[in-house]
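Engineer: Just dropping this structure here.
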Amino acid sequence: MAAAYATRSTYAWEAPSATDRRSPCPMVNALANHGFLPHNGLNVSMDNLITALNASVNLEAAATELVGAKALTASTTGNPATFNLDDLDQHGIIEHDGSLSRADIYFGDNHSFNSTIWASVAAHFTGKTISIATAAAARSARISAAAAVNPTFNMSANDVQFSLIESALYLSVFGNPILGNAVTEWVGILFREERLPYEEGWCRPAEPLTVVGILAMATSVAVASI
């Protein structure tokens, strides 16, 4: 309890200013809003990411590197070892069509939280927790809806994998890394407010979230989508 309070106090949430950079990823944005990453969203290194994701959600370094390596390929900082959070707006690096909370790039803004899109996803989350099957159904419905209205809709194999990992992460961070069952309220706060739900009772997972575990959960979501 003391450790959880210390973390919550040290990494108090602060809304981004008009000049702070943010990404299309609610988790990354939450880490910047809490100060686990630079609040201005500039010059983020792999070491920054590894430290931030470990301190905040107990994600092991190897899992962070899966995403971090892709993020660095989008760098516009002039230093290939760092990136700005809004560099992740580049389509096809990490950002992809069929996002759970953003519009497709075809519609012009793939960066900003889209409350209508998120509401269509959250409509599937009718219980207190989100099972793997429910997460899979919400993801599949969102992808189908995006494909129906976007004439340029496309998801590469890389995009599909990142989409599955996104669902696997929220299921693991806010639920059980094997069974899922993420707390619905906590997941909604992350997406809507880009905030970690400390005030609602969430705390950092006690056990490390591993790359093997995240990929296994992603596979479970994929299987449940069939």
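Engineer: Pop out the ³J(HN,Hα) list for segment 55-64 in order, Karplus 6.51 cos²θ - 1.76 cosθ + 1.60 with θ = phi - 60°, rounded to Hz; leave Gly and Pro as x.
Structural biologist: Taking θ as phi minus 60°, the curve returns 5, 8, 10, 6, 7, 6, 4, 4, 5, 4 Hz for segment 55-64.
Engineer: Any idea what the dipole of the chain comes to, in debye rounded to 20, about its Cα centre with Lys/Arg Cβ at +1 and Asp/Glu Cβ at -1? Working shown, then result.
Structural biologist: Details: 11 positive and 20 negative charges, 76 e Å.
Dipole size: approximately 360 debye.
Engineer: Karplus couplings for segment 148-164 from phi (6.51 cos²θ - 1.76 cosθ + 1.60, θ = phi - 60°), rounded to Hz, Gly and Pro as x?
Structural biologist: These are the phi-based 3J(HN,Hα) values: 6, 10, 10, x, 9, 3, 7, 10, 6, 4, 5, 4, 4, 4, 5, 4, 5 Hz.
Engineer: Could you tally the net charge around Asn33, taking each other residue with its Cβ under 11 Å from the Cβ of Asn33, Lys/Arg +1 and Asp/Glu -1?
Structural biologist: Surrounding charge for Asn33 is -2.
Engineer: Let me ask another. Applying the Karplus parametrisation 6.51 cos²θ - 1.76 cosθ + 1.60 with θ = phi - 60° to the phi angles of segment 99-105, what ³J(HN,Hα) value in whole Hz is obtained for each residue in order, glycine and proline being reported as x?
Structural biologist: Along segment 99-105, the couplings run 4, 6, 9, 10, 6, 5, 4 Hz.
Engineer: Then there's this: Given contacts defined as C-alpha pairs under 8 Å and at least six residues apart, what's the relative contact order of segment 2-225, whole-number percent? Let's see the in-between values first.
Structural biologist: On the way: 356 pairs, mean separation 48.3, N = 224.
That works out to 22 percent.
Engineer: Moving to a separate point now. Among Ser17, Ser120, Ser163, what is the fewest-to-most ranking by other Cβ atoms within 10 Å?
Structural biologist: In increasing order of surrounding Cβ atoms, one gets Ser17, Ser120, Ser163.
Engineer: Starting from the amide H of Thr129, placed 1.01 Å from N in the peptide plane, find each other amide H under 5 Å away whose residue is 5 or more places distant or on another chain.
Structural biologist: Residues meeting the amide H criterion: Thr184.
Engineer: When ranked by the protection proxy of mean other Cβ atoms within 10 Å per residue, highest first, what sequence do the peptides 123-130, 48-55, 148-155, 171-178 form? Walk me through the intermediate numbers first.
Structural biologist: On the way: 123-130: 15.1, 48-55: 19.5, 148-155: 11.9, 171-178: 22.1.
The most tightly packed comes first, giving 171-178, 48-55, 123-130, 148-155.
Engineer: Given the rule -39500 (n - 2.57) for each run of at least 4 DSSP H residues, summed and divided by the residues of the chain, what is its mean residue ellipticity at 222 nm, to the nearest 500 deg cm²/dmol? Show your work: numbers first, answer last.
Structural biologist: On the way: 9 runs with 110 residues, N = 226.
Here the helix-only value at 222 nm equals -15000 deg cm²/dmol.
Engineer: Okay, moving on. I'd like to know which of Gly213, Ala119, Asn181 lies farthest towards the positive end of the charge dipole of segment 2-225, counting +1 on Cβ of Lys and Arg and -1 on Cβ of Asp and Glu.
Structural biologist: It is Asn181, whose Cα lies furthest towards the positive end.
Engineer: Considering amide H positions built from the backbone, and no H for Pro or chain starts, which residues 5 or more places from Arg195, or on another chain, come under 5 Å of its amide H?
Structural biologist: Leu190
Engineer: Oh, and also: What residues have an amide H closer than 5 Å to that of Gly180, excluding those fewer than 5 places away on the same chain, when H is modeled at 1.01 Å from N in the peptide plane?
Structural biologist: Distant-sequence amide H within range of Gly180: zero hits.
Just so you know, all these numbers are worked out from the coordinates, no wet-lab data involved. Keep in mind it's a predicted model, so treat the numbers as computed, not measured. With ideal geometry, Cβ positions are generated from the backbone for all residues, glycine too; neighbour counts draw on all protein chains shown.
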